[in-house]
2 protein chains.
Amino acid sequence: SSSMIEKERPESQRPLTFLRESDDELSSISDSNSTPSSSVRARFEKMIREAQDSVCLAIEAVDGGGKFKEDVWSRPGGGGGISRVLQDGDIWEKAGVNVSVVYGVMPPEAYRAAKPANSSDVKPGPVPFFAAGISSVLHPKNPFAPTLHFNYRYFETDAPSDAPGAPRQWWFGGGTDLTPAYIFEEDVKHFHSVQKSSCDKFDPSFYPRFKKWCDDYFYIKHRGERRGLGGIFFDDLNDYDQEMLLSFATECANSVVPAYIPIIERRKDTPFTDQHKAWQQLRRGRYVEFNLVYDRGTTFGLKTGGRIESILVSLPLSARWEYDHKPEEGSEEWKLLDACINPKEWV
Amino acid sequence: SSSMIEKERPESQRPLTFLRESDDELSSISDSNSTPSSSVRARFEKMIREAQDSVCLAIEAVDGGGKFKEDVWSRPGGGGGISRVLQDGDIWEKAGVNVSVVYGVMPPEAYRAAKPANSSDVKPGPVPFFAAGISSVLHPKNPFAPTLHFNYRYFETDAPSDAPGAPRQWWFGGGTDLTPAYIFEEDVKHFHSVQKSSCDKFDPSFYPRFKKWCDDYFYIKHRGERRGLGGIFFDDLNDYDQEMLLSFATECANSVVPAYIPIIERRKDTPFTDQHKAWQQLRRGRYVEFNLVYDRGTTFGLKTGGRIESILVSLPLSARWEYDHKPEEGSEEWKLLDACINPKEWV
């Protein structure tokens with residue numbers, strides 16, 4: 001299946017756009033009243049590249065010591081990406097912020113994994129597609145400073161070459177979620193409040209719905225527990241106005257820094273013991289289990305032969321598995337585990 | 001799917017057998033000329049329990065400091081297991097040796113994963129089965145001392161209740177493989193020689209065939225590399241005499257100690273640097289990737305709701321993921337990686 005998608009090659013500099021020329025000419029396929037000046041593809045790419053810049057700037061400013069290393073890559077037939085990784089900084093042990101714009105042909109098997117779950121339009125045979133997204137995982141060193149993950153993506157199937165004006169499938173997906181090893185109510189409430197504010201600007205049903213979706217999605221079935229304390233998550237979203245969803249994804253991406261950085265500022269220098277660190281490492285093990293066994297983006301990437309280092313940058317620098325570890329009832333570790341087993345309402 | 005198999009419960013002591021009473025009355029379904037005194041199920045259980053004892057004894061003797069902690073569990077409807085884990089010993093950071101004897105009903109989906117790949121006898125609907133096996137992963141602390149994995153298992157589908165004498169599906173599977181972070185030719189040759197000797201006692205085609213099968217099986221497709229330096233592996237083996245295969249599995253299990261312990265004796269006290277340790281941790285990361293994404297036993301266990309701590313005891317105590325790590329060409333780390341990418345003949 002690695003032959004289905006062309007092999008990436010390194011580039012020495014960032015292109016202005018990863019879009020194919022034909023995409024620049026596309027008018028928006030939106031049915032809204034707005035008259036956007038360029039396609040949703042183009043505006044989504046611009047949005048995720050700006051979000052990458054602003055998140056990386058904020059991370060470097062707080063970290064002080066670490067700098068992002070950038071890898072630009074492209075594919076011969078169009079598309080590519082920018083991977084930025086800060087490793088072994090002062091505050092973060094591993095921080096990855098990637099954007100990618102990918103053209104590909106999905107094997108029917110992968111299409112089943114990626115299509116809207118309730119779509120009745122199941123096409124047999126390979127399906128040409130466009131996918132753009134920003135994906136980031138930020139793992140701090142201090143066990144009291146939480147891991148953050150966010151990911152916003154836009155997906156379109158291509159129109160058949162003999163009918164360029166035919167309707168396409170499109171959908172948005174994404175979310176932002178927080179994975180601490182220890183609970184500070186103040187932090188979790190702040191984080192969820194920012195997510196709720198972003199949602200409420202668009203639809204009052206969004207936060208409760210996407211909060212629950214997040215709790216359901218980041219479920220480690222074989223453990224009976226969630227990876228962390230959630231946030232928001234949505235996928236295959238195409239039953240709202242397309243321009244509205246583009247604005248919503250933009251709002252969510254822009255809220256990453258205000259949702260996360262204040263928490264890091266508060267916790268980054270908290271003194272900790274070897275026991276605190278070991279518990280953080282055990283929770284990182286759960287992070288690895290979720291990502292390799294269940295995460296849709298990761299398993300889709302592994303199947304379709306995406307750039308492996310970009311896909312697996314989400315894995316922590318280090319993780320730990322102890323046999324049959326059970327935190328003492330009532331301990332801080334137990335409280336975190338309990339909240340991963342029984343999701344709470346934080347706002 | 002966790003409701004498909006009854007929940008395990010802890011037991012305070014080891015039973016003489018995990019077999020259901022009805023299994024004790026079974027005559028062997030072997031068509032060989034031997035007249036075994038008890039069923040293949042019963043003799044396979046006895047073999048794996050003896051192998052568990054002898055491997056654990058050998059490990060404790062070499063380790064000096066660590067002792068195995070034992071957990072016995074059973075299921076209300078019959079079956080159970082013995083998990084033994086030595087954690088944070090002097091020589092091994094995590095050593096797990098588990099036996100299990102399981103009765104269950106496979107969902108059709110799991111049956112597809114477990115049945116012989118070329119079997120034409122695909123039954124729709126739930127399939128009652130018996131599975132017994134020994135499974136072990138031994139992760140030493142010293143980066144020059146290799147990880148060992150072995151697993152031998154016997155599988156039978158039950159006869160339909162209305163036709164107890166009807167033919168059953170049965171098969172053997174297993175293997176022993178070595179995963180060093182650094183290559184010592186002497187070690188790898190010794191290990192493969194022992195595997196070859198075990199195989200050659202039964203069939204001259206076994207070693208070359210099962211050595212290649214091992215190289216093919218432990219392939220991390222998304223990396224284009226193998227987990228380690230192989231050994232032997234076979235699965236769904238039912239096209240030889242059943243008694244012969246029982247003897248072969250016994251021989252393989254008995255050869256674990258002579259294949260592995262001399263290597264540990266030679267390497268356990270070798271001085272090492274932080275760089276050696278970091279490379280070992282990166283290779284442990286690959287171990288995690290293989291086990292969670294590809295390993296048939298692990299993915300089958302996660303799907304069928306087996307005892308999660310027993311299934312995941314194969315994961316190392318700790319592991320590491322660095323972004324885009326590439327060993328320097330010609331270095332010792334590069335040589336190991338090269339041998340994982342291009343499997344070699346060691347004997």
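Just so it is clear, none of the values below were taken in a lab; they were calculated from the coordinates. What you see is a predicted model, and the numbers here were worked out from it, not measured in a lab. Cβ atoms come from the backbone with ideal geometry, glycine included; neighbour counts cover every protein chain shown.
Please work out, to two decimal places, the log10 of the ratio I(q)/I(0) at q = 0.18 Å⁻¹ from a Debye calculation in which every Cα of segment A:265-347 carries one identical scatterer.
Results for segment A:265-347 at q = 0.18 Å⁻¹ read -0.96.
Once every DSSP H run of n ≥ 4 in chain B is given -39500 (n - 2.57) and the sum is divided by its residues, what mean residue ellipticity at 222 nm do you get, rounded to the nearest 500 deg cm²/dmol?
It comes out at -11500 deg cm²/dmol, rounded to the nearest 500.
If R0 is 25 Å, what FRET efficiency do you get for B:Val105 and A:Phe300 from their C-beta distance, rounded to 0.05?
After rounding, the FRET efficiency stands at 0.20.
Cut-off under 19 Å on the C-alpha distance; same-chain residues fewer than 8 positions from B:Lys67 excluded. Which lysines are left, in chain and number order?
B:Lys94, B:Lys141, B:Lys268
For B:Pro167, which inter-copy label distances result when the label point lies 7 Å beyond Cα on the Cα-to-Cβ vector, reported in nm to one decimal and in ascending order?
5.4
Please give, to one decimal in nm, the separation of the simple spin-label points placed at B:Ser193 and A:Lys7, each 7 Å out from Cα toward the Cβ.
3.9
Under 8 Å for C-alpha pairs, at least 6 residues apart: give me the relative contact order for segment B:265-325, rounded to a whole percent.
Relative contact order of segment B:265-325: 42 percent.
Going 7 Å from the Cα of A:Glu265 toward and past its Cβ, which residues in segment A:44-66 have a backbone nitrogen under 18 Å from where you end up?
Under 18 Å, as judged by backbone N against the label point of A:Glu265, lie A:54-65 of segment A:44-66.
Near the axis that takes chain A to chain B, which A residue has its beta carbon closest, and at how many Å?
A:Leu292, 2
How large is the convex hull of the C-alpha atoms of chain A per residue, in Å³?
In chain A, the Cα convex hull volume per residue is 140 Å³.
Using the Karplus equation 6.51 cos²θ - 1.76 cosθ + 1.60 (θ = phi - 60°), what ³J(HN,Hα) coupling, rounded to whole Hz, does each residue of segment B:233-239 give in order, writing x for Gly and Pro?
Working through the residues one at a time gives 8, 8, 8, 6, 7, 9, 9 Hz.
Counting only C-alpha contacts under 8 Å and six or more residues apart, can you give the relative contact order of chain A as a whole percent?
Numbers: 624 pairs, mean separation 59.7, N = 347.
Averaging sequence separation for qualifying contacts and normalising by length gives 17 percent for chain A.
Can I get the semi-axes of segment B:141-203's equivalent ellipsoid? Compute them from the C-alpha gyration tensor as square roots of 5 times the eigenvalues, in angstrom, largest first.
Largest first, segment B:141-203 gives 39, 15, 5 Å.
Report, for A:Arg266, each distance to the same residue's label point in the other copies, shortest first and in nm; define the point 7 Å along Cα→Cβ.
5.7
Between B:Lys201 and B:Thr273, what is the label-point separation in nm under the 7 Å Cα-to-beta-carbon projection?
Between B:Thr273 and B:Lys201, the label points sit 4.4 nm apart.
Residue farthest toward the positive end of the dipole of segment B:282-347, with Cβ of Lys/Arg at +1 and Asp/Glu at -1: which of B:Phe290, B:Tyr323, B:Cys340?
B:Phe290
Kindly identify segment A:36-105 as rounded, prolate or oblate by the Cα gyration tensor criterion: order the square roots of the eigenvalues as a ≥ b ≥ c, call it rounded if a/c is under 1.5, otherwise compare a/b with b/c, prolate if a/b is larger, else oblate.
oblate
With springs connecting C-alpha atoms under 10 Å apart, model chain A as a Gaussian network and identify which of A:Val293, A:Val55, A:Val102 has the largest mean-square fluctuation.
A:Val293
Under the rule a/c < 1.5 gives rounded, and otherwise a/b versus b/c splits prolate from oblate, where does segment A:206-289 land using the Cα gyration tensor?
Oblate, because a/c is 1.5 or more while a/b does not exceed b/c.
For Cα pairs less than 8 Å apart in space and 6+ apart in sequence, what is the mean separation divided by the residue count of segment A:207-347, i.e. the relative contact order in percent?
RCO, segment A:207-347: 28 percent.
From the square roots a ≥ b ≥ c of the eigenvalues of the alpha-carbon gyration tensor of segment B:145-264, which class results: rounded (a/c under 1.5), prolate (a/b over b/c), or oblate?
Because a/c hits 1.5 or more and a/b exceeds b/c, segment B:145-264 counts as prolate.
So the label point sits 7 Å from Cα along the Cα-to-Cβ vector; using that for A:Ser38, what distances do you get to the other copies, in nanometres, sorted shortest first?
7.5
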